[in-house]
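K.L.:
I am attaching a structure below and will ask some questions about it afterwards.
The values are calculated or read from the model by the stated rules, or taken from the named source; none is laboratory data. The model shown is predicted, which means the values in this text are computed figures rather than measured ones. As a convention, Cβ positions derive from the backbone with ideal geometry for all residues, glycine included, and neighbour counts pool all protein chains shown.
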Amino acid sequence: MRVTSSLPRKQRKALYTAHHALRRRRLSISLSRELRSKYSRRRLPVKKGDTVRVMSGSFVGREERVTKVDYRGYKLVLDNIVVKKADGKMKKLPISPHHLMITKLDLADPWRRRILKAPAEEAAAAPEPSGDDLDIDEPETAETGGESGSEEEK
């Protein structure tokens, strides 16, 4: 669905009611110059496992891996981008994709390899993310039953 109206309310409504495929396309991020020349593409939808560089904001210049893609809120969560809360705990900071640039692609997905025409040899297994030593608040889920892992450490 293409919005041609200049009314802000219609622009916002199109964002809030967008189909999941359109949300994925809106989360496309520009590629670095090396990747642009290698794959002959300017932008790609971001995926968990990609490495991105922060281009603006207080974390400018940092390169981190994408740990979560929030299609509902149009935000990305990166590995070591955290802020300190008022109670002293650390919280992962969601970042807008407009402030990022992809520097390394996760080619484990066969669809992505086919789109980029990349050989299967390039799909090097990405190392497992290491456990952070930070005490980061995670949203409570039904699986955890509202308990955080930090209680065991106390």
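K.L.:
Taking the condition of being among the acidic types (Asp, Glu) and modelled with pLDDT of 85 or more, how many residues in segment 89-135 meet it? Lay out the reasoning, then the answer.
P.N.:
Kept after step one, since they are among the acidic types (Asp, Glu), are these residues of segment 89-135: 106, 109, 121-122, 128, 132-133, 135.
From what is left, the residues that are modelled with pLDDT of 85 or more are 106, 109.
Final tally of qualifying residues: 2.
K.L.:
Just wondering, is there one or more residues in segment 75-85 that are more than 27 Å from residue 117 (Cα to Cα), of a type in the set (Asp, Glu) and in a strand (DSSP E or B)?
P.N.:
yes
K.L.:
Between a first residue in segment 34-47 that is among the β-branched types (Val, Ile, Thr) and a second residue that is surrounded by 14 or more Cβ atoms within 10 Å (Cβ to Cβ) and assigned to a helix (DSSP H, G or I), which pairs have beta carbons less than 8 Å apart while being 6 or more apart in sequence or on different chains?
P.N.:
Listed by first residue and then by second, the contacts come to 46/97.
K.L.:
Please specify each residue of segment 58-72 satisfying the condition of being assigned to a loop (DSSP other than H, G, I, E, B) and in contact with a strand residue (DSSP E or B) (Cβ under 7 Å, 6 or more places away or on another chain). Write out each step before concluding.
P.N.:
Of the residues in segment 58-72, the ones assigned to a loop (DSSP other than H, G, I, E, B) are 58-62, 71-72.
Passing the criteria: 59, 60, 61, 62.
K.L.:
Scan (1) within 19 Å of the chain's Cα centre (by Cα); (2) closer than 26 Å to residue 116 by Cα for the single condition residue 57 breaks and write down its number.
P.N.:
All conditions are met except number (2).
K.L.:
Does segment 51-59 contain at least one residue that is in contact with a Pro (Cβ under 6 Å, 6 or more places away or on another chain) and modelled with pLDDT of 95 or more?
P.N.:
Checked against the condition, which is being in contact with a Pro (Cβ under 6 Å, 6 or more places away or on another chain) and modelled with pLDDT of 95 or more, segment 51-59 yields no hits at all.
K.L.:
Could you tell me whether any residue of segment 29-43 is assigned to a loop (DSSP other than H, G, I, E, B), surrounded by 14 or more Cβ atoms within 10 Å (Cβ to Cβ) and at pLDDT 95 or above?
P.N.:
Looking for residues that are assigned to a loop (DSSP other than H, G, I, E, B), surrounded by 14 or more Cβ atoms within 10 Å (Cβ to Cβ) and at pLDDT 95 or above, one finds at least one in segment 29-43, hence yes.
K.L.:
Of all residues in segment 49-62, how many are of a type outside the set (A, V, I, L, M, F, W, C) and either closer than 11 Å to residue 95 by Cβ or loosely packed, with under 15 Cβ neighbours inside 10 Å (or both)? I'd like the intermediate steps shown before the answer.
P.N.:
Taking segment 49-62 first, the residues of a type outside the set (A, V, I, L, M, F, W, C) are 49-51, 53, 56-58, 61-62.
With the extra rule that they be either closer than 11 Å to residue 95 by Cβ or loosely packed, with under 15 Cβ neighbours inside 10 Å (or both), the set shrinks to 56-58, 61-62.
Number satisfying all stated conditions: 5.
K.L.:
Is there any pair linking a residue in segment 8-21 that is more than 17 Å from residue 70 (Cβ to Cβ) to one that is assigned to a helix (DSSP H, G or I), with Cβ under 9 Å and at least six apart or on different chains, and which?
P.N.:
Between residues of segment 8-21 that are more than 17 Å from residue 70 (Cβ to Cβ) and residues that are assigned to a helix (DSSP H, G or I), the close pairs are 14/22.
K.L.:
Moving to a separate point now. Quick check, is residue 83 surrounded by 14 or more Cβ atoms within 10 Å (Cβ to Cβ), over 21 Å from residue 39 (Cα atoms) and either in contact (Cβ under 8 Å) with a residue 12 or more places away in the chain or of a type outside the set (Lys, Arg) (or both)?
P.N.:
Working: surrounded by 14 or more Cβ atoms within 10 Å (Cβ to Cβ): no; over 21 Å from residue 39 (Cα atoms): yes; either in contact (Cβ under 8 Å) with a residue 12 or more places away in the chain or of a type outside the set (Lys, Arg) (or both): yes.
No; evaluated as a whole, the condition is false for this residue.
K.L.:
Report, by residue number, each residue of segment 48-57 that is part of a strand (DSSP E or B) and either in contact with a Gly (Cβ under 8 Å, 6 or more places away or on another chain) or touching a residue at least 60 places away in the same chain (Cβ under 8 Å) (or both).
P.N.:
Residues of segment 48-57 that are part of a strand (DSSP E or B), as a first pass: 51-54.
If the condition is that a residue be part of a strand (DSSP E or B) and either in contact with a Gly (Cβ under 8 Å, 6 or more places away or on another chain) or touching a residue at least 60 places away in the same chain (Cβ under 8 Å) (or both), then 53, 54 are the ones that fit.
K.L.:
How about segment 1-34: which of its residues are among the small types (Gly, Ala, Ser) and either under 19 Å from the mean Cα position of the chain (by Cα) or within 26 Å of residue 102 (Cβ to Cβ) (or both)? Before you say what the answer is, go through the steps one by one.
P.N.:
Here is the first cut: in segment 1-34, the residues among the small types (Gly, Ala, Ser) are 5-6, 14, 18, 21, 28, 30, 32.
The answer is 14, 18, 21, 28, 30, 32.
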